[in-house]
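Taking it in order: structure first as structure tokens, then the write-up.
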Amino acid sequence: MTKPDLLLAADLGPRVTDQLEADFTLHRYCDAEDKPAFLAALPEGVRFLATGGGTGCSREIIEALPALEIISSFGVGYDAVDVAAARAHGVRVTNTPDVLNDCVAEVTLALMLALAHRLPEAERYVREGRWEAEGNFPLTAELTGRTVGIIGLGRIGKAIARLAQAFSMRVVYHGRREQDHQPYQYYADPEAMARDVDWLVVIAPSTDETRGIVNRRVLDALGPEGRLVNVARGDLVDEPELIAALTEGRIAGAALDVFAQEPHVPEALRAIDNVVLLPHQGSATHKTRAAMGDLVVRNLQAHLHGKPVPTPVV
Ligand code: 8YV
């Protein structure tokens with residue numbers, strides 16, 4: 001029996017492709033030089049598509065595949081998938097939630113610890129022989145007893161909240177609405193929350209409502225003793241305003257895993273001392289990436305066999 005055709009829009013690595021090849025005939029759109037010609041030359045009746053966080057799936061691709069039934073996307077955030085187009089064409093979309101919660105929360109706390117204790121700089125200080133030559137490193141800050149405001153108390157936000165509590169931090173949050181049965185104080189207004197916290201952690205999806213949520217007013221409310229952490233999407237923070245706030249000392253520091261134009265990180269940001277920068281590492285461990293990949297495959301296999309998909313978003 002011939003295997004059904006699947007468009008591979010992003011290279012999801014050998015673990016995923018090896019599994020997919022057992023059930024599907026893969027068409028590696030991710031490797032195509034001339035993308036429009038590749039789409040035009042596809043066999044008719046492509047029903048399956050696999051993609052990844054940053055690549056997503058455009059309206060153009062969805063409309064070029066009239067038989068498309070499912071887009072299985074690697075990553076919990078699916079902002080790069082044109083969900084409106086998928087919905088309009090009756091295409092199902094799945095993502096990979098939950099399996100990455102602990103990893104992203106761990107990286108978030110690692111970023112907070114690194115920024116508070118100035119770990120990257122202090123480590124460089126030792127390597128460069130400056131401890132011996134110049135004496136002790138300047139005193140730093142700590143998390144204990146501080147308040148953290150989380151923008152987006154979803155599954156990952158809650159995992160971050162639990163870890164922050166293990167560091168004796170007080171947790172408050174902002175989101176679209178107040179959630180029932182949460183032990184944390186809710187703020188309807190992110191600016192009011194920023195005013196009351198020492199740390200602002202951004203872990204909300206990128207949507208029309210959240211884009212630019214950390215603007216100049218929020219940064220100024222966070223203030224010269226406040227620190228920002230973004231592990232969500234770069235476009236939730238107004239990057240030029242953040243650079244200005246850091247340069248002018250209007251906030252104390254920032255730890256960023258995500259940026260507006262990845263993998264480009266503005267030179268101005270790379271030149272600032274009181275920032276910690278990571279190359280979108282939130283879920284990037286062997287264990288978590290394997291679990292995310294397996295979930296991409298399980299969603300496609302479930303749909304192939306006419307079973308309910310494990311993690312639908314559309
Ligand atoms: C991944 C992510 O780095 O899950 C997400 O939404 O941003 C990350 O876990 C990304 O999806 C990789 O493509």
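The table for this structure:
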| quantity | calculated |
| --- | --- |
| Strands (runs of 3 or more DSSP E) wholly inside segment 160-227 that include at least 1 residues being under 22 Å from ASN101 (Cα atoms) and out of contact with any helix residue (DSSP H, G or I) (no Cβ under 7 Å at 6 or more places or on another chain) | 170-174, 185-187 |
| Residue count for segment 236-263, restricted to those that are open to solvent by 30 Å² or more (accessible area, probe 1.4 Å) and within 16 Å of the ligand (Cβ to nearest atom) | 4 |
| Yes/no for THR108 being outside any loop (DSSP other than H, G, I, E, B), in contact with a helix residue (DSSP H, G or I) (Cβ under 6 Å, 6 or more places away or on another chain) and in contact (Cβ under 8 Å) with a residue 40 or more places away in the chain | yes |
| Residue list for segment 81-105, restricted to those being surrounded by fewer than 22 Cβ atoms within 10 Å (Cβ to Cβ) and either in a helix (DSSP H, G or I) or modelled with pLDDT under 95 (or both) | VAL83, ALA84, ALA85, ARG87, ALA88, ASN101, ASP102, CYS103 |
| Selection status of ASP273, modelled with pLDDT under 95 and away from the ligand (no atom under 16 Å from the Cβ) | yes |
| Residue under evaluation THR55, criteria (1) away from the ligand (no atom under 16 Å from the Cβ); (2) open to solvent by 50 Å² or more (accessible area, probe 1.4 Å), criterion not met | (1) |
| Failed criterion for VAL296 (all others in (1) surrounded by fewer than 20 Cβ atoms within 10 Å (Cβ to Cβ); (2) within 16 Å of the ligand (Cβ to nearest atom); (3) more than 24 Å from VAL202 (Cβ to Cβ) hold) | (1) |
| Any chance LEU115 is within 29 Å of MET292 (Cβ to Cβ), surrounded by 14 or more Cβ atoms within 10 Å (Cβ to Cβ) and away from the ligand (no atom under 16 Å from the Cβ) | yes |
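The values are calculated or read from the model by the stated rules, or taken from the named source; none is laboratory data. No experiment lies behind these values; they were computed from the predicted model shown. Glycine also receives a Cβ, built like all others from the backbone with ideal geometry; neighbour counts cover every protein chain displayed. In case anyone asks, the SASA skips ligands and DNA or RNA and just uses the protein heavy atoms, side chains included. Shrake-Rupley method; radii C 1.70, N 1.55, O 1.52, S 1.80 Å.
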